[in-house]
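Below is one structure, written out as structure tokens; the observations come after it.
Here, each number is a calculation from the coordinates, and none is a lab measurement. Remember, it's a predicted structure, so these values are computed and weren't measured experimentally. FYI the Cβ positions are ideal-geometry reconstructions off the backbone, even for glycines, and counts take in every protein chain you see.
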Amino acid sequence: MAKQGDNIDKVSAEQIQEELRKENEYIIKNKRVRRQSRRRTLIIILLLFLLIVSLLAGITYAIMQFVDESNFRVSVSHTGTAWLSLSKDYDFTNPTSVLDVSAPKNMDNSTLCNYLDHKLLDIYSTDGVYKGEGTEDYFIATSFFLKNTGNEAISYREIITLDRAMKGMEKAIRILVIKDVEPPDDENYGEINVYAAPKCDAEGNTLTDEQGNPLLEEVVPPGGMLTAYKPQEMIDYEKFEFDPADIREDGVWMTKAFLGDGYVVNSELYPLNVGEVIKYTIVIWLEGQDPQCVDDILGGQVKLAVEFATGSM
């Protein structure tokens, strides 16, 4: 009888040990599952965090790009010992090689006629960015100075590029440039040139003459009560000069056509003596009288850059 009891006790002990072993395995597995679960949770949290950071970075980049697209840049480039500098004032208090000019975030259409033309003297007389009425919504205007700060006479080229154009907005834009040789002269404020895309048909195709040359656009096309815009008859322009080639026989002011291939203008070389200063005034707007200034261009975009590049005499 004792042996049978011993066998029963032995079996019971083995069962208890087996149950304990299984229970320990369950506990160990449970702990392992919990650790794995916590690890997966941490990984998911980390991935969500990285995703949020990436989205925020993308939004920030987009905002920065939008701000950048709302500006245009004026810069100088150099070759050899030739050296050019830019400044917001004639005394070159803070000379630089780059000027950034702010622009309206959403530029609405305006017109030179009976609006911007009355502001030209104020714009010309303001050093740096003009911040008068309308600049927050309708146009960009700035004056700055270009100087030969090298030790030898040089030549330089004016380059304006159309770096980006969307939805045909470039068809209606105007770029007015006033070039004035300094020192200041109260009797002469320099020559005005206005650049624009050539005339287009309703589909935006460039119109040409019989020789294949693009037809020039009026600075302010006629429309409504306006039959012809003749600046030489207006007091606002009495101290400015005009390129005779821009004044049509009947006195109407014509634009200079964009050069094409991304260029608005890529000028001939102009001489610039040591220490000589040239004042530039630039005004950019959407000409509301232009037939291409329609609702379809809303949301469009143009990005311009102005560069002065040196050359040898």
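Some observations on this one:
- Under the Karplus curve 6.51 cos²θ - 1.76 cosθ + 1.60, θ = phi - 60°, whole-Hz ³J(HN,Hα) for segment 219-224, x wherever Gly or Pro sits: 4, 10, x, x, x, x
- Once backbone amide H atoms are built at 1.01 Å from N, ALA305 has THR161, ASP163 as its partners under 5 Å, excluding neighbours fewer than 5 places away on the same chain.
- Prolate/oblate/rounded label for segment 82-201 (Cα gyration tensor, a/c 1.5): prolate
- Averaging Cα coordinates gives a centre for segment 246-292 and one for segment 194-230; these two points are 15 Å apart.
- Charge tally in the Cβ shell below 11 Å around ASP243, where Lys, Arg are +1 and Asp, Glu are -1, ASP243 excluded: -1
- Label-to-label distance, nm, for residues given as GLU191 and GLN232 (7 Å Cα→Cβ offset): 1.5
- Phi angles of segment 252-261 translate, via the Karplus equation with coefficients 6.51, -1.76, 1.60 and θ = phi - 60°, into HN-Hα couplings of 6, 8, 10, 7, 9, 6, 3, 5, x, 6 Hz per residue; Gly and Pro are given as x.
- For ALA153, the residues whose amide H sits under 5 Å from its own are VAL274, ignoring neighbours fewer than 5 places away on the same chain, with H placed 1.01 Å from N.
- Estimated vicinal HN-Hα couplings, Hz - segment 262-269 in sequence order (Karplus 6.51, -1.76, 1.60; Gly, Pro = x): x, 9, 7, 8, 9, 6, 5, 7
- Sequence-distant residues sharing a close amide H with LYS256 (under 5 Å, placed H): VAL194, TYR195, ALA196
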